[in-house]
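Notes follow once the structure below has been shown.
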Amino acid sequence: MDEAAILSRLGLDRVNPGAYAGIWYEGGGDTEPIYNPTTGDVLAEITTCDAATYDLVVDKATEAFEAWRATPAPVRGEYIRRLGQALRDRKEDLGALVTLETGKILAEGTGEVQEMIDICDFAVGLSRQLYGLTMASERPRHRMYEQWHPLGPIGVITAFNFPVAVWSWNAAIGAVCGDSIVWKPSPRSSLTAVAVTAICDRVMAGTGLGAVFSLAAGGTGIGSRMAGDRRLPLISATGSSAMGRSVGSKVANRLGSSLLELGGNNAMIVMDDADLDLATRAALFAAVGTAGQRCTTLRRLIVHSDVVEDMAKRMVTAYESVPIGDPMQEGILMGPLITDDAVAGMLAAVETAQAQGGKVLTGGRRRSIHGLSDRFVEPTIIEIGKDAPILHTETFAPILYLIEVRSLAEAIEVNNSVPQGLSSAIFTDSIGRAESFLSHRGSDCGLANVNIGTSGAEIGGAFGGEKDTGGGRESGSDAWKAYMRRQTTTINWGGELPLAQGIEFS
Ligand code: NAD
């Protein structure tokens, strides 16, 4: 595919403005290059926001909120339907841009755009289902119920690895809830954000509704401003646990709300009665997909001692046949890591694991590929004891730790022994073991799967995790409630004034 043609069809130039609020602004900050990690070349440049432009963007988003919240929710849903249609029309190009910017394979790049389309469809239906409950009042001739109101302009900070899907979870749901959206993308993947904002611009053109979807490109400085900005009642932030600690405490300090989607350290348990063929295929996709750069990437394979040798052999064979190379090419299953630092981080983690008693079963090295950048690595399996300290760390790379256990109880203990709590899975043919894993004494994660790997969640469920993963829930189910404010209302339609709890006050 022709890189320049893709950029041009998405309306991108050599240098692109990184600020939008109804119209495009130059940004006023530094002009930053966006790299293609596959080639190491600059794809295009972005002008980031300075403080003044950021303030202007949030002012415009605040103005837009006034008109947007007054628009009936099903009408807001109609705009999201149009956004979903515009994304369908641009799916191939936008998916290819995700691949160019992040290095994930084309099937995953277009899959990410499909996820945006899916959440738009979900949000359209939701726009007619923002239900509150009616409660029985203890007082005669009183009616009590709750209603949900739009929250305000909300800030959305996204990570590099899902540069557009995570925005869409927040933006599609937040928008039907009546919120305007201020987006700060990752500095490593802001070009897709400019392309998506241009699509929103076309969808909203001529409506007179202003900056419902706005953009403020920049780094930690802009993210930190958002966290401290009282005009933004909710900050939804996706990224590392370190980022979440900083953003979460800043938002809490001004008594705002935060929705944190942070690092994972996900495990899959393989019991002695598991279908090992199924388990191997699931583990391969979960551990090697997106080159190990998903929050839900499988990082710890916890295997019963009776099948550990067999499972290790199967995994090594599968790993050694993974085609690594240009993620735009058909047949390739693993592309590059995002930066040179990510490669250095992976190689350092392999060394640390070895120093802690780990044995590399396959991989562990950089992979050089003619004509491409030096950000390619071999997917790696390291056999290691369950007490190794490295197991507590999320290394954002394709390293899978193989851990032997002797019982389900030990497996669950190891699953739960890390600070993070995002995704988990068990492979077993026993309903009793599966239910134990899913019980209140089982997995402590936000996502718990049976005979499915840890990654690749659907938008219909609430997505997120516990402990150092931040506790936030996004996407489906009733996650929309985080984007609205709840109001409990009691109406007295009688002529008396009875007090609750039977209190007499006369
Ligand atoms: P990162 O923490 O480096 O950056 C994420 C975003 O936060 C970027 O936009 C960045 O500019 C911003 N940021 C960083 N520090 C900040 C600060 N102090 N104040 C305000 N903003 C700040 O993460 P990354 O490397 O882009 O992404 C990888 C991480 O994201 C991994 O830990 C991964 O598990 C996590 N992640 C989690 C989920 C989830 O849903 N739980 C999804 C995707 C990625």
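The values are calculated or read from the model by the stated rules, or taken from the named source; none is laboratory data. Quantities reported herein were computed from a predicted structural model and do not represent experimental measurements. Counting neighbours? That spans all protein chains shown, and the Cβs are built from the backbone with ideal geometry, glycine included. The area values use the complete protein model at the heavy-atom level, side chains included, leaving out ligands, DNA and RNA. Shrake-Rupley method; radii C 1.70, N 1.55, O 1.52, S 1.80 Å.
Couple of notes before you dig in:
- Computed from the Cβ-Cβ distance with R0 of 35 Å, the FRET efficiency linking Thr489 to Thr207 stands at 0.65.
- Its residue count N fixes a reference of 2.2 N^0.38 Å for the chain, and the Cα radius of gyration divided by that reference is 1.03.
- Distance from the alpha carbon centroid of the stretch 48-71 to that of the stretch 202-254 works out to 11 angstrom.
- Proximal lysines relative to Lys313, as straight alpha-carbon distance under 26 Å, when same-chain residues fewer than 8 apart are discounted: Lys359, Lys386
- The chain: angle of helix 308-320 to the longest principal axis, Cα-based, in degrees nearest 10: 80 degrees
- Accessible surface computed residue by residue for the stretch 199-312, with neighbouring protein chains in place and a 1.4 Å probe, gives 33 Å² per residue.
- FRET efficiency estimate (nearest 0.05) - Cβ-Cβ, Asp30 to Thr352, R0 30 angstrom: 0.30
- Of all stretches in the chain that contain no GluC sites (Glu not before Pro) in a DSSP loop with at most 15 other Cβ atoms within 10 Å, the longest one is 139-329.
- Gap separating the Cα centres of the stretch 263-320 and the stretch 342-412, nearest whole Å: 13 Å
- Most to least accessible of Leu447, Leu301 (protein chains only, probe 1.4 Å): Leu447, Leu301
- Average Cα contact separation per residue, the stretch 1-77, under 8 Å, 6 or more apart, as relative contact order %: 26 percent
- Here the chain is scanned for trypsin sites (Lys or Arg not before Pro) in DSSP loops (not H, G, I, E, B) that have at most 14 other Cβ atoms within 10 Å, and the longest stretch holding none of them is 15-127.
- Helix 73-89 axis, angle to the chain major axis (alpha carbon atoms, nearest 10°): 30 degrees
- For the stretch 228-371, the dipole from Cβ point charges (+1 on Lys and Arg, -1 on Asp and Glu) about the Cα centre works out to 820 debye, to the nearest 20.
- Dipole in debye (nearest 20) - the chain, about Cα centre, beta carbon charges: Lys, Arg +1; Asp, Glu -1: 1260 debye
- Sorted peptide list for 159-171, 212-224, criterion being average Cβ within 10 angstrom, highest first: 159-171, 212-224
- Our estimate of slack between Arg14 and Asp55, defined as 0.36 nm per intervening residue step minus the Cα-Cα distance, is 12.2 nm.
- The chain - percent of accessible surface contributed by carbon and sulfur, probe 1.4 Å: 50 percent
- Largest-first principal axis extents, alpha carbons of the stretch 219-268, Å: 42, 21, 13
- Phi angles of the stretch 32-49 translate, via the Karplus equation with coefficients 6.51, -1.76, 1.60 and θ = phi - 60°, into HN-Hα couplings of 10, x, 10, 9, 8, x, 6, 9, x, 7, 6, 7, 5, 10, 10, 8, 7, 7 Hz per residue; Gly and Pro are given as x.
- Probe 1.4 Å, all protein chains present, accessible-area order of His440, His392, largest first: His440, His392
- DSSP bridge pairs, the chain: antiparallel proportion in percent, nearest 5: 40 percent
- Axis angle, to the nearest 10 degrees, between helix 276-288 and the longest C-alpha principal axis of the chain: 70 degrees.
- The value of relative contact order for the chain, using C-alpha pairs under 8 Å at least six residues apart, is 17 percent.
- Once you reduce the stretch 468-502 and the stretch 86-144 to the center of their Cα atoms, the two points are 23 Å from each other.
- Using C-alpha pairs below 8 Å separated by at least 6 residues, the relative contact order for the stretch 317-422 is 22 percent.
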